[in-house]
Amino acid sequence: MLELKVYNTLARKKEIFAPIKAGQVGMYSCGPTVYKPAHIGNLRAYVFMDELRRIFEYSGYKVKSVMNITDVGHLVSDGDDGDDKMSKSARETGKDPLEIAAEITDRFMADIDSLNIKRPTVCPKATDNIPEMIAVVQALLDNGYAYETADGIYFSVEKFAGYGKLSGVKLEDQRHGARVEVNSFKRHPIDFALWKKAAPNHLQQWDSPWGRGFPGWHIECTAMSRKYLGETFDIHTGGVDHIPIHHENEIAQAECWLGHKAVNYWMHNEFMLIDGGKMSKSLNNVYTVADVVAKGYTPMELRYLYLNVQYRQKLNFTWAAMDAAKSAYNKLCGLLLAHKNGVVKTDKAALDEYRRKFEEAITDDLNVPLALGVLWTMLKLPKSADVYNLALDFDKIFALDFDKVKEEEKPQIVIPEDVKAMAELRLAARRAKNWAESDRLRDVIAYMGYAIKDTADGYELTLK
Ligand code: AMP
Ligand code: ZN
């Protein structure tokens, strides 16, 4: 089993990974809110989730990966006011929230499949786990960490001494800070909703000990991660935007509910930027996988782009960068093919050294770009199937379809009967050693738009 170093946001440093159960990893990743298709920025979070899992599996661990599907309760505002994203989308489209959720979930799964992101072991839906969430909220009320107001159940951040340990947020700054607080029911401005009481016309609502309502967003991850991974689990992932609110709140809920540490390693991917800035609807730059494919790129070329930047660095997406990824990926495939057909034997010690450098890169906090660099250097070796076979092993991490590289297929052409007849006449002339007639028929065939090449057992016709 390889030793892995991972950057733990909670510890603010790289640490050597130590599993709770020997040889096993339990990881939870915040999944999509299925009210609109994922954009290529969101998908960076899932490429990261996938790389992490693949590195553990390559190293010999058995991985259980859990990713939730948020199909209720993700409020539009962090201030716990207004609608949730599913209901808003349902009203805008006139569809049922669960119909939208099903459509968007299918599309999300197709997107991750196209990018070779392994499907998580379990993808629980929030709406299938409402009783589990209610039980956690009730426990937090019972042990005094939560309180009821006219519009819901809130978590009291001042009751939890550890609040802010992930992001460094200070409660005092939040009270006196610039944020305008509009929810007057809360005891502290950053107390957050565990459960919201629903108006009669609210689209998604369930019975609870506090009347009809729907869960807060943070509670679903706390309830579902425990259900599938146990009270304390190894790794929790998500984008850096989740550090100050969603994950800080998850820690508060879970630790106050359970009375002990909830997650050992918190890992966060940096953002993808577009043209150096944020993606936004107003700038018309919120691209999906389908948008990228429509512009003539393949999902593998997009995956190659993701892999070129280490997950803790910002990744700037531009169409020029996509062009560069396309040509680099295709050049890589060309080199791989040349090695696949190569006849040179490569020295085992040399191959072992490349494997060592590759493993050193991937186990150092997922330095996949460096691992790609090792591959490029290795491909400069004389053309050898041994090199290709080692590259296939590296592809357990890259997942760039190295096993599918093959010669461009020649387009199949249908040769007209009259051209074939001329070719047969020419073959007969050649066999009779009538070179003048053979040359004349070659010219006729050329005039008809075809080129003829002699082969051992006859001829080959191609378009001129
Ligand atoms: P959401 O559906 O908004 O909860 O986002 C799904 C995942 O994508 C979360 O882990 C976010 O942190 C992450 N994410 C959102 N936008 C970006 C971005 N531009 N770059 C990278 N990750 C992102
Ligand atoms: Zn979450």
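The values are calculated or read from the model by the stated rules, or taken from the named source; none is laboratory data. Since this is a predicted model, take the numbers as computed values, not measurements. Reconstructed Cβ throughout: ideal geometry from the backbone, glycine too, with neighbour counts over all protein chains shown. Heads up: the accessible areas ignore ligands, DNA and RNA and are worked out on the full protein's heavy atoms, side chains in. Shrake-Rupley method; radii C 1.70, N 1.55, O 1.52, S 1.80 Å.
Shown here is the pair-distance distribution of the chain: with all Cα-Cα distances grouped in 20 Å bins from zero up to the longest one, the shares run 21, 44, 22, 10, 4, 0 percent. At a 1.4 Å probe radius, carbon and sulfur cover how many percent of the accessible area of the chain? The value for the chain is 54 percent carbon and sulfur by accessible area. Across the options TYR154, THR455, ALA223, the greatest Cα extent toward the positive end of the charge dipole of the chain (unit charges at beta carbon of Lys, Arg, Asp, Glu) belongs to THR455.
Accessible area per residue was computed with a 1.4 Å probe on protein heavy atoms; ASP364 scores about 50 Å².
Beta bridges from DSSP with both residues in the chain: antiparallel share about 50 percent, rounded to the nearest 5.
Straight-line reach from LYS261: taking Cα to Cα under 16 Å and skipping same-chain neighbours fewer than 8 places apart, the aspartates and glutamates in range are GLU231, ASP234, GLU248, GLU250. In percent, rounded to a whole number, the relative contact order of segment 313-464 is 19, using alpha-carbon pairs under 8 Å and six or more apart. Across segment 1-115, the fraction of Cα-Cα pairs farther apart than 23 Å, rounded to a whole number, is 44%. The GluC sites (Glu not before Pro) of segment 364-435 that meet both conditions, a loop assignment by DSSP and at most 10 other Cβ atoms within 10 Å of the site Cβ, are GLU407, GLU408, GLU409.
When the C-alpha to C-alpha distance is required to be over 22 Å, the pairs from LYS5/LYS64; LYS326/LYS357; LYS340/LYS404; LYS227/LYS314 that qualify are LYS326/LYS357; LYS227/LYS314. The loop-placed GluC sites (Glu not before Pro) in segment 1-83, going by DSSP, that have at most 14 neighbouring Cβ atoms within 10 Å of their Cβ come out as GLU3.
For segment 1-138, the solvent-accessible area works out to 39 Å² per residue, with a probe of 1.4 Å and every protein chain left in place. For LYS14, the residues 5 or more places off, or on other chains, whose built amide H falls under 5 Å of its own are ASN8. Taking trypsin sites (Lys or Arg not before Pro) across segment 260-357, the ones in a DSSP loop with at most 14 further Cβ atoms lying within 10 angstrom of their Cβ are LYS261, LYS278, LYS281, LYS295, LYS314, LYS345. Converting phi to 3J(HN,Hα) with the Karplus coefficients 6.51, -1.76 and 1.60 and the offset θ = phi - 60°, segment 16-29 yields 7, 5, 10, x, 6, 10, 3, x, 10, 10, x, 10, 10, 10 Hz in sequence order, with x at every glycine or proline. In this simple spin-label approximation, THR462 and ASP106 carry label points 7 Å from Cα along the Cα→Cβ vector, and these lie 4.5 nm apart. Using 1/(1 + (r/R0)^6) with R0 = 22 angstrom and r between the beta carbons of ILE16 and ASP173, what's the FRET efficiency to the nearest 0.05? Result of the calculation: an efficiency of 0.05. The distance between label points at ALA451 and ASN330 comes to 2.1 nm (points 7 Å beyond Cα on the Cα→Cβ vector). By a 1.4 Å probe calculation restricted to protein chains, LEU392 has an accessible surface near 60 Å², given to the nearest 10. The heavy atoms of LYS85 offer some 50 square angstrom of accessible surface to a 1.4 angstrom probe. Only the Cβ atoms of Lys and Arg (+1) and of Asp and Glu (-1) were treated as charged; on that basis the dipole of the chain about its Cα centre amounts to roughly 1020 debye. Listed by chain and number, the aspartates and glutamates whose alpha-carbon sits under 17 Å from that of LYS88, ignoring those within fewer than 8 places in the same chain, are ASP71, ASP78, ASP80, ASP96, GLU99, GLU103. Taking R0 as 60 Å, what FRET efficiency do you get between ALA199 and THR377 from their Cβ-Cβ distance, rounded to the nearest 0.05? So, using R0 = 60 Å, E works out to roughly 0.45. log10 I(q)/I(0), Debye, Cα-only segment 285-376, no solvent, q = 0.11, 0.16, 0.20 Å⁻¹? Scattering profile of segment 285-376, log10 relative to I(0): -0.41, -0.79, -1.05. The simple spin-label model puts a point 7 Å past each Cα toward its Cβ; for GLU158 and LYS314 those points are separated by 3.7 nm. Multiplying the residue separation of GLN24 and TRP435 by 0.36 nm and removing their Cα-Cα distance gives an extension gain of 140.5 nm.
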